[in-house]
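Worksheet for the structure shown next.
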Amino acid sequence: MISRRHFMKTAGALGALGAMGGLEAQAANGYQALVCIFLAGGNDGHNTVVPITTSLQNFSLYAKSRQGLALQQSTLLPVQSGNDVYGLHQQMPEIQAMYNAGNAAILANVGTLIAPTTRAQYLANPDTNMPVQLFNHADQSSQWQSAVSDGNATGGWGGLVEDNLASYNSGAAFSPITSTGGCGIFCVGQNTFPATIPVAGASTLIGANTPGRLNAVQQLMQFDNGLKLVNAANAYLNRGIGFSKAFNAALASANVNTPFPSTVLGQQLQTVAKVMSIRNALGIRRQIFFCQLGGFDTHGQQFGNQDVLLKQLSQAVYQFYLATQELGTDTSTVTFTASEFGRTLQPNAIAGTDHAWGNHHFIFGTPAAKGGPLKGGQMYGTFPLLALSGPDDADSHGTLIPTTAVSQYASTLAQWFGLPVASVPSIFKYSGNFATSNLGFLA
Amino acid sequence: MNAKSIAWFAITLVLPVAGYGSDSTAMMSPTVSWVQPANNTTVGVGSQVVLQVAPAEPGGTIAQVLFSMSGRILGTARSAPWQITWTPTAQGNYSIAALALDSANQGASAAINITVGPAGVSTSGPKYNLTVVNGLGSGSYYPGASVNVSAVPPAGQIFQSWSGTSVPALSPASFTYTMPAGDTVLTANCMIPVTPTLSSVAPLQLPTGVFSATLTGTGFGASTVASLGGTPLAVTAFTPTTLSVSGFSSVSGPAKISVANGPAVSNPIAVQVGVANPLVSPSAARRFLEQAAFGPTPSEAAHVQAIGFQAWLNEQFSMPAVTNYAVANPAGQSGMSAYFLSNAVTNPDQLRQRVAFALSQIFVTSLMKLNWNAYMIPYQQMLMNDAFTSYRRILGDVTLSPAMGWYLDMVNNAAASPANGTAPNENYAREVMQLFSVGPKMLNADGTVQKDAAGVAVPAYNQSHVRELARVLTGWGFASKTSPGTPAWGALLVSASVDATVPMSPYPPAHDYGPKALLGSCQIPANLTISQDLNTALDCLANHPNTAPFLSKQLIQHLVKSNPSPAYVGRVAAAFTQSGGDLKAVVTAILLDQEARANDAGNADQAADGHLQEPALFLPGLIRAFAGINPTNNNFAYNVTALGEDIFNAASVFNYFSPSYVVSGTGGLLGPEFQLDTANAAVLRENLVATFFSSYSNPVMSYGPTTVDLSPFVPLAATPSTLVDALDLTLTHGTMPAPMKQILVSAVAGDTGSALHQVETCAYLILTSNYYNVWH
C-alpha cells in the first residue's frame, strides 16, 4: 500500500518529472493511449465533487438536498475552477493534488443524451428523443460505452475509433484494445476485438505438445459444421492462442518499477502499465485500455461503501500516472473515468441513493504547461443546481439531467486520440445536436 | 510395457491469426541432437548420468534446453555445454526427451531410450548368454539388463506361455526380461491350437458404448482372441479358464460372443447389447441428458433408453431433493462451488439441480454481498426445493428471503420520510421487474420485443412504476431470533438477533399504506395489510403478459439453446400460462418440444442451434461422460472462477452473463455464455483439459481427488477408428460428422505414444473442440 507520506513527497515532484517525460514523448514514435476506468454500478458524483462556494450555489443547498447523506464540509478537499471552490471527497487526496498541479480536470454533469434536454421537455415527453431505458444498468452501461442511446448500438466507440485508426496499428500481432476487467461493448468494433488480459497474465496453450496434436487442434478449429456459435467459439480460441503468443513473447522485456497498490483497480492499472511498456514489441501506436472497478451501486449504506472505492480510485490513478512518467508515455496518455449513471440527490430510507442520470467525471494526464495535452486544473461543462425539483431535476428526487452528453465527452477524447473531425459524426451520431463535439479539455 | 512417454510442457504456438498480421513462415527454428549418452545405453540405479545435447539455430539464439522424462522435468540447461546430470532412482526403460527453445519460444526436441538397471549394473565386466527358444532376444547381456524378448511360434502353432529362470508368471508373448547373472534359456512354449470352449459371459446385458466383460471357459491362453459379432475385443487379462475383455458397440440388439485360438473357434454365447426394446436411441438419450441433466453418464443414458423421456421426467419430478447445501460449511465464505460441482456429477436429482441452477441465474443473489455461506445456503436450498413448484411461489419465496432482502436492499426499506428527506429505496422494485418478472421491454407472446411506430422497443414500465412499487416494498425486516414472529427492525444481516433461515417479517410503522398505481394498470387500494400489499403486487407481476415469455425464453436458454425460435418460446409460454406458471409443465414443454428434440439423431443441425457450455456445466459434463468421480473436496472452485463463473458469487445481479449478450461475428445471434468466453478464457479451458488428462502411465486421470478412468478405452486404441467412435458416443452423443472423425483418426494414428497416450490425445482433441463445447 502506498503511504500518504510517500505521495506527499512525490506530489511536489510531479512538475519536474513531467518535464522529463515530455522530452521523452517527443522522442517517441507517435504513440498515444487512452485509458478508460469504468466505475461499474453508477458512482455517486454528488458526494465526489461538492460545491462549497460557487457563483451558482453554496454548500448549504447541497446539504439541504442531501440531508443525512451530506458530507461534512470540513472534510472536503478544496479544488478551484476560476473563482468557484468545490470540494472533493476526503478519500481522494491524490486526485486533489493532481488537479491542483494541472494533472486532472473535472467534467461536470455529463450523461447519456440524444439532444440537449430541459426539465420541462423531459416531464412533458420522457420518451421522445430521450435515451431509452434510462436508469437501467445494462442499457446505460452500453450507451456510455457506445455513445448511442437508441438501443441499436452496433459497436463501442473504443472499438469503432480503433477501426478508423487501424493504419496506425497495421502489422500489430495483438489487439489495440486491452481489457483488464470485463469490457462490454466499448471494446468491440467492426474489426476490432479486445485482448482480455487478466491480472495474472495471458494464458499460453498447453497440451497440444506434439506436432500431431497441434495440427489436429488447428484443423478442428477451422472445421465448419454449419453452426455459427461453434464457429464463433473457434474464432475466440484462435484469437486467444494468437494473442497469448504475441503477448508472452513480448512480455519477457516488460519492466515496470513503479509500485501499485494491491487493490482490484491497482492491479489492473499495473497490468495496463506492463502492456503499455511492451507497446513497441506489440507494434501498437494507438492503444486503448479498459479497466473496471465494481461496487458503486450504493443503494444502501453509502457511507463506508463509496469511501473505500474512491480511495482505491485515487491511489491507483496516481500510481498509474507515475508509471506513465517512468515509461515516458505521460504526455501521450490520457486516463478518464466513466460510469453508467449518477445517483439521486435525495437519499433513500437505508442511507443510500438510487439510479439517476448526470454525473461528474475526471480526466487525467500531463498539463499543457509540461508538454502534455491536458488543460487541467479546471472544471468543464455546466455544474447543475443541486435542488430537488429544481430546474435541473428530471423529477423530485434529484435525478439531474445532464448538461453535457456522453457523445461530446467521448468525441473530445477520440479527436485528441486521432479521430479525424470528418469521421466524428459516423461514430458519435448525436454530435450534430450539440453545440460542440470538442469540449476543449485536451489540446 | 516399453511405453514411449512424451513430456508435456508449455510452449507457444505458431498459428496464423486472422486480422492481426500473419506469423512469418520464414521464422527461425532450432534443431537439437544428442551428444551423450548413446541411445539404448544401460546405466545403474543411483549412478550419475550426464545428459548432453547439441542444440543449434543458425541466425538465432538458443535460450534453454529442458530435459524431461515421462512428463517430469529433470532439469534445464541455460547455456553451453547444454547438459545436466541426472541420477535415476528406479529401474526400467525410459525415454528421455530434450526440448531446445530459442528466444522466441520456438522448440525442437529429440529423445533417446535409457535402460536403468540394478544398482551397480555397469557397462563393463562379464556378460552372460541368453538363449530364447521359439523367439527373439537371444544374445549376450550384462546382469540386470532389460531385454525385449518375443515369442515366434512355429508354423501352425500358437504361443501358450514362457518358461525359464525368473520369468514372471503369465508373461505375454512380448515382454521385457531382466537378465540374471548367469547363462539362461527362455522357452516360448507353443502348441497346436486347442479349440477353446466358452461356458459363460458376465454380464449378459452389455451396455451400449464401452463395456467390459468376463468370459469363463477352457483352453484360454496368451493368444486367445475374443470377438463380439465378428469384431475383435481387447483382452486385458487371462487365465487358462477366464478372459477379461473390453470393447465398444454402438449397435443395440442381440449379438454373439465367441473366442478363438488361431483358427480354432469356440461355441458362441448370446448376449444383449444395449437396452432391449429401447424407447429412444443411444444418441437421443445422451443428447436429452445434456439438456435435462449435467450431461449423460453411461448408466443414466441406458436408463433413459429403457423408460423414455416422459417417464424419466416423471421420475425426476417425483424425486424429492437429494442435493442438500446444508452440508457445505456454513461458517465459511467459500466452498459452495466445490459442493455444487460434486452434486452435479453425483446426485440423482439431476433435473431439479439444472432447474434450480437456472433459477439461481435469474433470481440472482451473490456471496459478493452476502459474504457468508450461512446466508446463501438457505436461499439456494429454497430454489432447489421450489424448483418444481410454481413461478408465483418462487417469486414470493425469493422476495421475502433474507438473502434477497439484503442483496437488493428491500430489508428495512421504509416509506418516504419528509422529516428525514428520504424516499423508499428503489433497488428491489426495479430489479424484480427488470430481471425477475416482466423484463424491461414489452414482449409479444412469443418473446419478441414490441416496437412502436418508430421501431423503438416499448418499455414495459417507467420510473413512476418503479417508485410506486418501491412504496409497496416497505416495512419488511429480518425475522428476529430473539423474539420469533416479530421483525428485528433495522438490524443488519450479520446481526446476532437476526434469523436468516426464515422469511422476512412485516413492520407496520415503516410501511406506506397509501394507494399505488403499478405497471399494467394494476391499482393497489389504500390500507391493505403489508402482506396483502405485497401479494397483490407480486400477483400483478406474475400475471403480466410479459412474464410467461420473459421467463420461458431464459429457461430455454439455460437448458437447451441460446436462440430459440419465437414459435418455440411461444409454445413454452403458452404452457406457462395455461398451467398457471407450473414449472413441471414449463420444463416438460421445454424439453419435449419438437425444437429441443429435432437434432437427437445429429442430422438436423441448424445454423443458430446450440449453447456454449458454461464452466459450471462443462466440468461436471466431462466427468459424468466417463462415469468419473468428483468428491466434495474437489479442486475445481479455482478453475470455474478463472474461467469466469465463480458459482454463487456473481459480480452483480446481472448474473455471470446476460441473456441478451450478442456474439460478435454471428449476425446478431445471442450467446449468453460467450460473455465469459474471452479469448483468454478459451485458452484456459483448453489448458484445464490438458492438465486433467495428462497422466501417461496411469489410465486413471486425476485432478486432486477427482478421477476419470480411461482404462476401457485403452484397448480400443489399436484401431483408431474404433477409439474415435467410442469417444464420439461418450462425449458427442455419437453424432460427430465424418470429416471431423477423420481428423481425429489421423491424429490418433499419427500419435507415436502408448495406447493410453493415444486415448488421451483423442479425448483432449474432442474436449477442447468447440463442436463439443457448444452443446447442440
Criterion (more than 10 Å from chain A (Cβ to nearest Cβ), more than 21 Å from B:Leu612 (Cβ to Cβ) and touching a strand residue (DSSP E or B) at 6+ places or on another chain (Cβ under 6 Å)) met by exactly one of B:Leu723, B:Leu729:
B:Leu729
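Okay, residues lined up against (1) under 20 Å from the mean Cα position of the chain (by Cα); (2) of a type outside the set (Ser, Thr, Tyr); (3) modelled with pLDDT under 95:
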{"position": "A:Ala356", "(1), (2), (3)": "yes, yes, no"}
{"position": "A:Ala369", "(1), (2), (3)": "no, yes, yes"}
{"position": "A:Gly372", "(1), (2), (3)": "yes, yes, no"}
{"position": "A:Gly381", "(1), (2), (3)": "yes, yes, no"}
{"position": "A:Leu385", "(1), (2), (3)": "no, yes, no"}
{"position": "A:Ser407", "(1), (2), (3)": "yes, no, no"}
{"position": "A:Ser411", "(1), (2), (3)": "yes, no, no"}
{"position": "A:Ala422", "(1), (2), (3)": "no, yes, no"}
Give the range A:340-371 a look and list any residue that's in a loop (DSSP other than H, G, I, E, B), away from chain B (no Cβ under 14 Å) and touching a helix residue (DSSP H, G or I) at 6+ places or on another chain (Cβ under 7 Å), or say none.
A:Gly342, A:Thr366, A:Gly371
Just one of (1) at pLDDT 85 or above; (2) part of a loop (DSSP other than H, G, I, E, B) trips up B:Ala18, so point out which.
(1)
Members of the range B:469-488 that are part of a loop (DSSP other than H, G, I, E, B) and of a type in the set (Val, Ile, Thr):
B:Thr474, B:Thr482, B:Thr486
Among what's in the range A:32-52 and is within 14 Å of chain B (Cβ to nearest Cβ) and assigned to a strand (DSSP E or B), pick the residue that is farthest from the chain's Cα centre (by Cα).
A:Leu39
Hand me the list of helices (runs of 4 or more DSSP H) wholly inside the range B:564-650 holding 1 or more residues that are among the β-branched types (Val, Ile, Thr) and modelled with pLDDT of 95 or more.
B:566-578, B:583-592, B:615-625
Among the residues of the range B:721-744, is there at least one that is of a type in the set (Asp, Glu) and not in a helix (DSSP H, G or I)?
no
How many residues does the range B:504-528 contain that are in contact with a helix residue (DSSP H, G or I) (Cβ under 8 Å, 6 or more places away or on another chain) and either in a strand (DSSP E or B) or closer than 24 Å to B:Gly580 by Cβ (or both)?
9
Among helices (runs of 4 or more DSSP H) completely within the range A:172-281, the ones holding 3 or more residues that are more than 8 Å from chain B (Cβ to nearest Cβ) are A:228-251, A:264-277
In contact with a Gly (Cβ under 6 Å, 6 or more places away or on another chain), part of a loop (DSSP other than H, G, I, E, B) and more than 9 Å from chain A (Cβ to nearest Cβ): which single residue out of B:Ala419, B:Ala491, B:Ala445 fits that description?
B:Ala445
Looking at (1) at pLDDT 80 or above; (2) farther than 21 Å from A:Ser244 by Cβ, which is the one condition that is false for B:Leu66?
(2)
Considering each of B:Ala607, B:Ala598 in turn, give the residue that is within 11 Å of another protein chain (Cβ to nearest Cβ), surrounded by fewer than 19 Cβ atoms within 10 Å (Cβ to Cβ) and either free of Cβ contacts under 8 Å to residues at least 60 places away in the same chain or not basic (Lys, Arg) (or both).
B:Ala607
May I ask you to list the residues in the range A:85-134 that are of a type in the set (A, V, I, L, M) and either without any contact (Cβ under 8 Å) to a residue 12 or more places away in the chain or within 30 Å of B:Leu435 (Cα to Cα) (or both)?
A:Val110, A:Leu113, A:Ile114, A:Ala115, A:Ala120, A:Leu123, A:Ala124, A:Met130, A:Val132, A:Leu134
Does B:Asn687 meet the test of being over 28 Å from B:Ala301 (Cβ atoms) and touching a residue at least 60 places away in the same chain (Cβ under 8 Å)?
no
Complete set of residues in the range B:456-491 that are surrounded by fewer than 20 Cβ atoms within 10 Å (Cβ to Cβ) and closer than 22 Å to B:Asp397 by Cβ:
B:Ser480, B:Lys481, B:Pro484, B:Gly485, B:Thr486, B:Trp489, B:Ala491
Between a first residue in the range A:341-352 that is in contact (Cβ under 8 Å) with a residue 60 or more places away in the chain and a second residue that is among the β-branched types (Val, Ile, Thr) and not in a loop (DSSP other than H, G, I, E, B), which pairs have beta carbons less than 6 Å apart while being 6 or more apart in sequence or on different chains?
A:Pro347/B:Thr422
In this structure, is B:Thr85 loosely packed, with under 13 Cβ neighbours inside 10 Å and assigned to a strand (DSSP E or B)?
yes
Note on the range A:57-92: residues of a type outside the set (S, T, N, Q), in contact with a Leu (Cβ under 6 Å, 6 or more places away or on another chain), more than 14 Å from every other protein chain (Cβ to nearest Cβ) and outside any strand (DSSP E or B) are A:His89, A:Met92
Residues of the range A:380-437 being β-branched (Val, Ile, Thr) and either closer than 26 Å to A:Gln67 by Cα or not in a loop (DSSP other than H, G, I, E, B) (or both), which ones?
A:Thr382, A:Thr399, A:Ile401, A:Thr403, A:Thr404, A:Val406, A:Thr412, A:Val421, A:Val424, A:Ile427
Which members of the range B:380-390 meet the condition of being touching a helix residue (DSSP H, G or I) at 6+ places or on another chain (Cβ under 6 Å) and in a helix (DSSP H, G or I)?
B:Gln380, B:Gln381, B:Met382, B:Leu383, B:Met384, B:Asp386
Any residue at all in the range A:216-227 that is touching a strand residue (DSSP E or B) at 6+ places or on another chain (Cβ under 9 Å) and more than 20 Å from A:Gly181 (Cα to Cα)?
yes
Note on the range B:308-361: residues aliphatic (A, V, I, L, M), surrounded by fewer than 16 Cβ atoms within 10 Å (Cβ to Cβ) and more than 26 Å from B:Thr501 (Cβ to Cβ) are B:Ala311
Residue check for B:Phe388: in contact (Cβ under 8 Å) with a residue 40 or more places away in the chain, of a type in the set (A, V, I, L, M, F, W, C) and over 22 Å from B:Ser531 (Cβ atoms)
yes
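The values are calculated or read from the model by the stated rules, or taken from the named source; none is laboratory data. Quick caveat: nothing in here was measured; it's all calculated off a predicted structure. Here Cβ is always computed from backbone atoms with ideal geometry, including for glycine, and neighbour counts include all displayed protein chains.
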